[in-house]
Each structure stands twice: as structure tokens, then as C-alpha cells.
1. Can you tell me the orientation of helix 177-187 relative to the chain, as the angle in degrees between its alpha-carbon axis and the longest Cα principal axis, to the nearest 10?
2. Return the subset of LYS74/LYS255; LYS74/LYS331; LYS255/LYS331; LYS310/LYS331; LYS201/LYS268; LYS255/LYS310 for which the Cα-Cα distance in this structure is over 24 Å, preserving the input order.
3. Compute the relative contact order of the chain as a whole-number percentage, counting only Cα pairs closer than 8 Å that sit 6 or more residues apart in sequence.
4. Based on Cβ point charges of +1 for Lys and Arg and -1 for Asp and Glu, what charge dipole magnitude is obtained for the stretch 87-199 about its Cα centre, in debye rounded to the nearest 20?
5. In the chain, what percentage of the DSSP-assigned beta bridges are antiparallel, given to the nearest 5?
6. Starting from the Cα of TYR7, step 7 Å toward the Cβ, then list every residue of the stretch 13-44 with an amide N under 11 Å from that point.
7. In deg cm²/dmol and to the nearest 500, what is the mean residue ellipticity at 222 nm of the chain if only DSSP H runs of at least 4 residues count, each as -39500 (n - 2.57), divided by the residue total?
8. List the residues, sorted by chain then number, that are 5 or more residues from ARG78 or on another chain and whose placed amide H is less than 5 Å from its amide H.
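Just so you know, all these numbers are worked out from the coordinates, no wet-lab data involved. This is a predicted model, so every value here is computed, not measured. Please note: Cβ atoms are built from the backbone with ideal geometry, for glycine as well, and neighbour counts cover all protein chains shown.
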Amino acid sequence: MSYPGRYPATRLRRNRANDAIRALTAETGLTTDDLIWPVFVTEGAGVRQPVPSMPGVDRLSVDNVVEAALAAQKLGIRALALFPYTNPDLRDDIGSESVNPDNLVCRAVRAVRAACPDLILICDVALDPYTSHGHDGLIRDGQIINDETVDALVRQALVQAEAGCDTLAPSDMMDGRIGAIRAALDDSGRTDVRIMSYAAKYASCFYGPFREAVGSSSTLIGDKRTYQMDPANSDEALREVEMDLAEGADMVMVKPGMPYLDIVRRVKERFHVPTFAYQVSGEYAMLRTAFDNGILDRQRGILESLLCFKRAGADGVLTYFAMDAARILNKG
């Protein structure tokens, strides 16, 4: 006898029989609208500097960033995240270059905004690309000082907003910085500038290649465990997200990505707000190495890794594979 809901009356393989039925019954989808492309900016003109630990990723001069933005927009990518490689001569203990209205990021923002007025431009709000010690905050007596760092981050955020950045992304993990930045933006009449908070950013080993790309790996003194989150903690991430939302964050992010998909799921289910994840440099480097050595299929690996973020609840993904993924998706 056959019983409803049980084999042999129920055969789940019926809905896996061919491409058409698999597409029709898919629970999760991935499109170019889900992709945010992180781009590293460097000084000069016509410059394209490979990042050794991230094969296929280059630091680009501002003119090449503009060309890259135009190419990304043509492929259907709607958002870029800009990260500077600051000249070491401009780095100091207090990250003073971060508030220079003509710094590298601000020049890149103005140039890309002029060429691509509809593109979402996301700027990192943190001091580590600008400090001689490689930390996201100011240091006194060997300790990262929170409140003075927040004051510096507010000034940095205002400079970026003035340059034309429409989405500020504080990644520093200082307490209270979201509320302070939101208040400063509103007081300056920039109520339309949104905040994508790195709300749950963990003290992870997966950031190594990124630190090389922005030039902070060689300068970092100690580690960042007094302000970035302990990888052992999950409930704490919900507290961080809740506080940032209460302070005015419009969107939140979990970083790193794939090793923390459980956090993405918990955040999305608890708060039901736009939630993003960062497929960080270490994840990219591992996958790229596997692709280059024929260990994993490149096309399938890129799409599957990104689809996992969407399945976990992410509304979008920051990924160095953005251009590759867009080309694959456009072919399909």
C-alpha cells in the first residue's frame, strides 16, 4: 500500500528530473543584483598592481577604478566597495590622512560618481588603512581607545559623504560609532546617506590577504581581539546587531562569510533587516587556489559558494568573484 508523504507515492526526485523543473522549484536564486564588488585603490595613473596573495585581484589607480566601475555596471553589478592602499609616508599614529578630503578614497569616489552616477558606492569607515600601527582605532598606552576613535571615525565618515559616498560601512567595531556617525550625518543635512554596519565582525585569520592588499599586514602591531568579536560567540553577534540597528544602521553585515553562515541565518531570522555577508580575502584565496590547481570546478564553485550565502539569508554578498560571477550569470 502506498501512503501520502511516503515512498513510493512520494518521490522527491521527480522535482530534480531536469533543468526546467529544478529552476521552477528552486528555493533560492542568485543574480547580479546580489553582488557587491570590493575594489582596492592605489595612487598613480594607469596602475594595475597584482596582490600576490589574491591571484586575479589588483590594486587599481583611480582612472582604472573608473574603467572597472563602468565594466561592472555593464555586467549588471550595482555596488562597489572601495578600499585604499595608502602611501606608507602618509600613515601616522592617528590616521590623519583618513580625514583629508582629497585622500585616495575621496578622489576615487568623486571620479566613479561622475562616471557612474547610479552606482552604489560603499566606503569603509575605519582607520587601519591610514595608521602606522595597522589598527582600526587610536592607541594610548598600548590600548585601543574607544571614544576618541569614534570621534575620528565621525570626521572620516563626513569627509567620505561629502565626496559622494552614499553608503558608509563602519568596519572598526568600536562601541557607539553607528549612533555617532548617524547623528553627525543628520546634523550635516546628509540624511540620505545610509549606513551598512559591519555589525558582527569577527577576529578572524581569514583577513590576511586583505591586509596585504591595503598595506596593513606589515604594520599591524599585536592583534584586534579587544574590539573584533571572538569566533566562539554567536549570541554576542545578535547583541551587536541589535545595538547597531537601535543606533541607526540601515543594513548590517556579517564578516567573514562562509565559516559564519550560522550567524547570517540567526541575524536574518531575528531582525528581518537587510543583511549582508563578506566572502573575505582568505575565502577567495582558498577557492582561487583550488580552481587554479584543478581541484574544484571554477564556475560551479563560484556560483555554489555565493548561492550558499543567499540560502543562509544574506540579501547580498561582498565578493572578489563579483565580476566572474556576473559573467557566468549573464551567460546563463
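1. Rounded to the nearest ten degrees, it is 70.
2. Details: LYS74/LYS255 28 Å; LYS74/LYS331 14 Å; LYS255/LYS331 30 Å; LYS310/LYS331 20 Å; LYS201/LYS268 15 Å; LYS255/LYS310 15 Å.
The answer is LYS74/LYS255; LYS255/LYS331.
3. On the way: 614 pairs, mean separation 59.3, N = 332.
Relative contact order here is 18 percent.
4. Dipole about the Cα centre, nearest 20: 380 debye.
5. 15
6. 13
7. My calculation for the chain gives -12000 deg cm²/dmol from helical runs alone.
8. Answer set, sorted by chain and number: LEU35.
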